[in-house]
1. Between Asn141 and Ser117, what length comes free when the chain is fully extended (0.36 nm per residue of separation minus the Cα-Cα distance, one decimal in nm)?
2. Can you give me the relative contact order of the chain as a percent, contacts being Cα pairs under 8 Å and 6 or more apart?
3. Return a whole-number percent for the relative contact order of segment 1-102, with Cα pairs under 8 Å and 6 or more residues apart as the contact set.
4. Which stretch or stretches of segment 4-36 have amide N atoms under 20 Å from the point lying 7 Å from Ala176's Cα along the Cα→Cβ direction?
5. Amide H of Ser30: which non-local residues (sequence gap of 5 or more, or other chain) have their own amide H closer than 5 Å, using H built in the peptide plane?
6. With θ set to phi - 60° and the Karplus curve 6.51 cos²θ - 1.76 cosθ + 1.60, what are the ³J(HN,Hα) couplings of segment 12-19 in order, to the nearest whole Hz, using x for Gly and Pro?
7. So for the pair Glu102, Asp61, with labels modelled 7 Å out along Cα→Cβ, what separation do we get in nm?
8. Ratio of alpha-carbon Rg to the 2.2 N^0.38 Å globular estimate for the chain, to two decimals, please.
Amino acid sequence: MRLVLVGAPGAGKGTQAQFLAAHFGIPHISTGDIFRANLKGNTPLGLEAKKYMDKGELVPDSVTNDMVKDRLNQGDLENGFLLDGYPRNVAQAEVLRAVLAEKNTPLHAALELSVDSEEIVTRLSGRRSCPNCQRTFHVVNEKPAVEGICDACQTALVQRDDDKAEVIARRLEVYAEQTEPIISFYRNEGLLITISATGPVNEITDSAIAALSRVK
Ligand code: AP5
């Protein structure tokens, strides 16, 4: 299964990606996680990305496309992949289509997680993330077993710098201006599947798996 997840910041892409990737036995490739891992390691890529991420802006395509191309050339994609956070504008979607066409491995689907904007602000402002394994929690909706500690690796949870109110507002604007047009792009390609991403996490996972199992 070669899949991209599309949805506003906080729609639950990272949350669903971990379950979908496990179900289909495919790597979860999150451009946001790659940037954050680079930032943690103080690499030039991480420091460059931070300039944009802290303001809620997109990292330039020249940086992001090369990073994704490198990742798609690694040898663990024989069963496919789940891309989360990429593409994020039509130019990136076109690059991805060309890269996959060259490999003769086109996408099977673009899965859109649809959530209304009020719910998104609640989700992002209450999100807590594990800086070690990237798992996400929520102070009300998805509490860890021990407050402030990751269930998976017992690391102390943190609030992402870009989950502050003023940055959230800019990320939502950037989504509407630059990312939402990829929904029409994938609709025109005949690849778009939209599901409601409101409600219990496991029910959304079940509905995503049911929709994806109908994909040829
Ligand atoms: P990225 O890390 O991709 O952030 P994002 O798209 O803004 O998405 P999020 O990670 O914020 O949300 P999500 O949809 O994964 O939601 P989650 O599952 O955590 O990108 C960050 C930055 O990197 C960008 O702003 C940009 O600067 C840069 N970047 C990344 N990719 C790029 C690209 N391709 N080009 C250029 N720049 C790029 O859920 C959110 C919260 O809700 C959690 O607390 C969770 O527990 C909770 N939750 C999840 N599901 C539910 C549910 N069903 N009910 C209740 N709560 C729920």
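1. Details: separation 24, 0.36 × 24 = 8.64 nm, distance 1.65 nm.
Full-extension gain reported as 7.0 nm.
2. Relative contact order of the chain: 30 percent.
3. 43
4. Hits in segment 4-36 for Ala176 at 20 Å: 6-12.
5. Close amide H contacts, sequence-distant or interchain: Asp84.
6. Running phi through 6.51 cos²θ - 1.76 cosθ + 1.60 with θ = phi - 60° gives x, 4, x, 4, 6, 4, 5, 6 Hz.
7. Result: 1.5 nm between the two label points.
8. 0.97
Where a number appears in this text, it was derived from the coordinates with a stated rule and is not lab data. Note that the coordinates shown come from a computational prediction; the quantities given were computed from them, not determined experimentally. No Cβ is skipped: glycine too gets one built from the backbone with ideal geometry, and neighbour counts run over all protein chains shown.
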